[in-house]
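J.: Pasting a structure below so you can have a look.
Read the figures in this text as sums done on the coordinates, not as results from a lab. Keep in mind that this is a model prediction, so the values were computed, not measured. Don't worry about glycine lacking a Cβ; one is built from the backbone with ideal geometry, like all the others, and counts go over all protein chains shown.
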Amino acid sequence: MRFGICSEDGVFRASLRHAIQVWSAGVCADMDTCEWPDWPSCLEGLGADPCELLFLDADSACMHWDEIARQLNGACALFVCSDSSHAAIDCYALHPRGFLTKQVTAESLERSLYPCFGLWRKALACLNLSIGRNRVSLPVCELLWAEARGRSCVLHSSHGQITVNDTLQELTGKLPPALFFRCQKSFVVNLRHIRAVSGGMLVMSDGAQVPVGRNCKSEVQQAYAAFRRAWTLRHPET
C-alpha cells in the first residue's frame, strides 16, 4: 500500500516519512511512501502511480483548494497537514478524511489514521492459526499478549481470547521480534500494547497484568523504553 506526501518543506517530509515507517512497523503493515515537493509534480505522480492516501501540506505556498479538489476528484483519501487551526476550514473544498499537525510522531499518526482503519486494513500482516480443525486469520497488530496453555496457547486479542493449536514457541517464531517480547517462559507481549511497567508486572492495554521473568526485567524495560522512544520521536535527528 502506498502513502503519498506533498509538501515543499523537506524537513516535514522527512519527519512524516519517518513517522510512517515507525507506525507501519508498529502495526505490522506493508507500506511504502512517495513524495513530491509541490502540487504539479504530485498530480503528475499520482497520474502515473496512484496512492491510496495522500498527506497534503496546507501551509505550502500557492495552494488553490478549489482547483486541487477538481483535479484530485476523489482519487485517494486525503489528510490535510498544518500547524494552523484554520487549515481544516480553508481546505473544506477538499473534503479531507483527517487532519494532522506537523508535530508528527508515530503515536500522533496512529491517532489520526485509526478512524480510517478500513483504508489500510488490507495492508496488515496476519497470523494464520489453527483452532481445533478450523483456520482463522488474525492481524498481528491485534494480538495484545499470549500465554502458554499446555501444548497450545491462549491469544489475548482486541476481540477477546482465542485458544490456538500452536505452542507459545511456535507462535513466537511467527511474530516480528522487534515488536513482541518473550517476557517470561509462559508469556509473550506486544510492546505497543504495554501501558506501564510496575514492579514485576506489565500492565497491558486490556487491563491485564502480565508477569515478567526475574532474569529479564532489565531487558523488557529496555525494549519497552526503546519502543516508546521510537513511537514518540518527531524526527530521527531530533
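J.: Could you compute the net charge surrounding Trp23? Neighbours are other residues with a C-beta less than 9 Å from the C-beta of Trp23; K and R count +1, D and E count -1.
T.: Numbers: positive: none; negative: Glu107, Glu110.
For residues surrounding Trp23, the net value is -2.
J.: Now for a separate question. What residues have an amide H closer than 5 Å to that of Gln184, excluding those fewer than 5 places away on the same chain, when H is modeled at 1.01 Å from N in the peptide plane?
T.: Gly213
J.: Work out from phi, with θ = phi - 60° and the Karplus expression 6.51 cos²θ - 1.76 cosθ + 1.60, the ³J(HN,Hα) of each residue of the range 96-101, listed in order in whole Hz, and give x for Gly and Pro.
T.: Going residue by residue, I get x, 7, x, 10, 10, 6 Hz, with x marking Gly and Pro.
J.: When we measure straight from the Cα of Lys174, which lysines land under 29 angstrom away, once same-chain ones fewer than 8 places off are left out?
T.: In chain and number order, the partners are Lys122, Lys185, Lys217.
J.: Once you list every other residue whose beta carbon is under 14 Å from the beta carbon of Val164, what net charge do they have if Lys and Arg are +1 and Asp and Glu are -1? If you can, show how the numbers build up before the last one.
T.: Details: positive: Arg133, Arg135, Arg149, Arg151, Lys174; negative: Glu142, Glu147, Asp166, Glu170.
Charge balance in the 14 Å sphere: +1.
J.: Residue-wise, which Karplus ³J(HN,Hα) couplings in Hz belong to the range 43-57, taking 6.51 cos²θ - 1.76 cosθ + 1.60, θ = phi - 60°, and x for glycine or proline?
T.: 4, 5, x, 5, x, 7, 8, x, 10, 7, 9, 10, 9, 10, 6
J.: Do you know the relative contact order of the range 66-163, to the nearest whole percent, from alpha carbon pairs under 8 angstrom that are 6+ apart?
T.: Numbers: 98 pairs, mean separation 14.0, N = 98.
14 percent.
J.: Same structure, new question: With a/c under 1.5 counting as rounded, go ahead and sort the range 2-122 into rounded, prolate or oblate using the C-alpha gyration tensor (a ≥ b ≥ c being the square roots of the eigenvalues; past the cut-off, prolate if a/b is larger than b/c, else oblate). Intermediate values should be presented prior to the final figure.
T.: Working: a/c = 1.45, a/b = 1.30, b/c = 1.11.
Judged from the Cα gyration tensor, the range 2-122 comes out rounded (a/c under 1.5).
J.: In Å, what Kirkwood hydrodynamic radius results for the range 73-213 from the alpha-carbon pair distances? Write down the numbers at each step before the final one.
T.: Working: mean 1/r = 0.0573 Å⁻¹.
After inverting the mean inverse Cα-Cα distance, the result is 17.5 Å.
J.: If you don't mind, there's one more thing I want to ask. Rounded to the nearest 10 degrees, what's the angle between the helix 10-26 long axis and the longest principal axis of the chain, both from Cα atoms, 0 to 90?
T.: Helix 10-26 sits roughly 30 degrees off the main axis of the chain.
J.: Can you list residues whose amide H is under 5 Å from Glu35's amide H, if they're 5+ apart or on another chain and H is modeled 1.01 Å from N?
T.: Placed amide hydrogens put Ile5 under 5 Å from Glu35.
J.: 5 Å is the cut-off here: which amide hydrogens, built 1.01 Å from N in the peptide plane, fall below it relative to Arg149, excluding neighbours closer than 5 in sequence?
T.: Counting only residues 5 or more places away or on other chains, the set is Val154, Leu168.
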